[in-house]
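Heads up: the structure comes next, in structure tokens.
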Amino acid sequence: MKRFSLLIAAAALALAAPAFAQKSKGAKPNTLTPEEVSQGWILLFDGETSFGWSPRGSTQWQVLEGTLTPSAGTGKGVLSTNTEFADYRLTAEFWADEKANSGVFLRSPVSGEIAQTNAYEVNIYDGHEKWPTGSINDVAAIKKRPKTVGKWNTLDITAEGNRLAVRLNGKKAVDATDARYARGTIGLQYNGEGMVKFRNVKLQPIGLKSIFNGKDLTGWKEIPGRKSVYSVTPEGWLNVKNGNGDLQSEGQYGDFVLQLDIISNGEHLNSGVFFRATPGEFWSGYESQIRNQWMGDDRTKPVDFGTGAIYNRQPARRVIPNDREWFTKTIVAAGPHLAVWVNGIQVSDFTDTRPPNENARQGYRSKPGVFSLQGHDPTTDLSFRKIRVQEMPPARTQ
């Protein structure tokens, strides 16, 4: 438990302070611009906490001056996201000295050791004889040996199907194909020597497909006999008024990335996005809560779990959005692990350890199900747009 102490302390300090400001020109690292949020980018590291990450191996990691930094003398290890991803664009900045042998792991196993034998490693070590910085170990080597020591550098990585491409400081490093791993976590490596640190670690899911056409409710079914009114506005938004009610997608999804824009057109309105829900069954499945309300002036104390929570399971660690303002929600479901980002900030990180059950309200459900948009009560008035989803390939074997 000792190796978690620095991470826990940093997280507690950060949550007590006002944070998560959106990025503008000249703003601090580890933030997103409004344009990036609109494009579906999410922060994997918020610059202030290690929320969403877990260490594997002996390395002790700390949040230090806006970076994820291993503590010298604590041995080898990898800091891994708790969330799996499949197809994405990943950017990260790193600083390394001449001794540090590090890397960014892609599509890693969800538990156990992470190594180049069970994941893709984008290497960070200029002095490596075969795989210098920017190479993907055992896949493709950069042609011209770079010089990255002692300065900040940027990796821009694309993982899309079998294609793996890396750009280093804006220049092409490698572009290759490999079919061994289709999904997994993302890891930051420390090999026990020298110094390396990371910042601006962010990800954009790619290949999402729209499931709302902006014209009518084709592809969606309303559970009859309820009071909610679902319609498409002249602007092309899916609106729900009154309640209660339930509008379900015709498609069913198991492991996925779902992104959508939402606006609450009143004060502290209550709604939710259900997933892995049973078709035709009212308000079933997991619920990603919508409620922009907090206690007093403290956004870290949500009312009724708060927007981005896994309702009745884990409250949002902070209420990010405001009423009457559009916000972007990203939901990632991969096996028992569920995570939600709001405006690119991760607010929930939940693993369902309950016994299996057909109804996710009663136990763990891995079976695919429908999405549903909730009309909660007579005050309901919310709109949704840009509803799109990426289906993940089957879970990888360790």
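The values are calculated or read from the model by the stated rules, or taken from the named source; none is laboratory data. Please read all numbers here as calculations on a predicted model, not as lab measurements. Here Cβ is always computed from backbone atoms with ideal geometry, including for glycine, and neighbour counts include all displayed protein chains. We work out accessible area using only protein heavy atoms, side chains counted, and drop any ligands, DNA or RNA first. Shrake-Rupley method; radii C 1.70, N 1.55, O 1.52, S 1.80 Å.
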Hits in the range 47-87 (condition: under 18 Å from LEU155 (Cα atoms) and surrounded by fewer than 23 Cβ atoms within 10 Å (Cβ to Cβ)): GLY47, GLY66, THR67, THR69, ASP87
Tell me which residues, restricted to the range 134-169, are open to solvent by 10 Å² or more (accessible area, probe 1.4 Å), in a loop (DSSP other than H, G, I, E, B) and not charged (D, E, K, R). VAL139, ALA141, ILE142, PRO146, VAL149, GLY150, GLY161, ASN162, ASN169
Taking the range 11-65, which residues are at pLDDT below 95, out of contact with any Gly (no Cβ under 6 Å at 6 or more places or on another chain) and within 25 Å of ILE206 (Cβ to Cβ)? PHE20, GLN22, LYS23
When only residues in the range 24-46 that are within 15 Å of the chain's Cα centre (by Cα) and among the β-branched types (Val, Ile, Thr) count, which is surrounded by the fewest Cβ atoms within 10 Å (Cβ to Cβ)? THR31
Mind checking which residues of the range 344-355 are outside any strand (DSSP E or B) and farther than 19 Å from VAL389 by Cβ? ASP352, THR353, ARG354, PRO355
May I ask you to verify whether THR328 is over 15 Å from GLY254 (Cα atoms), open to solvent by less than 30 Å² (accessible area, probe 1.4 Å) and hydroxyl-bearing (Ser, Thr, Tyr)? yes
Counting only residues that are under 22 Å from the mean Cα position of the chain (by Cα), at pLDDT 95 or above and within 15 Å of GLN62 (Cα to Cα), give me the strands (runs of 3 or more DSSP E) lying completely in the range 180-226 with at least 1 of them. 185-190, 196-205
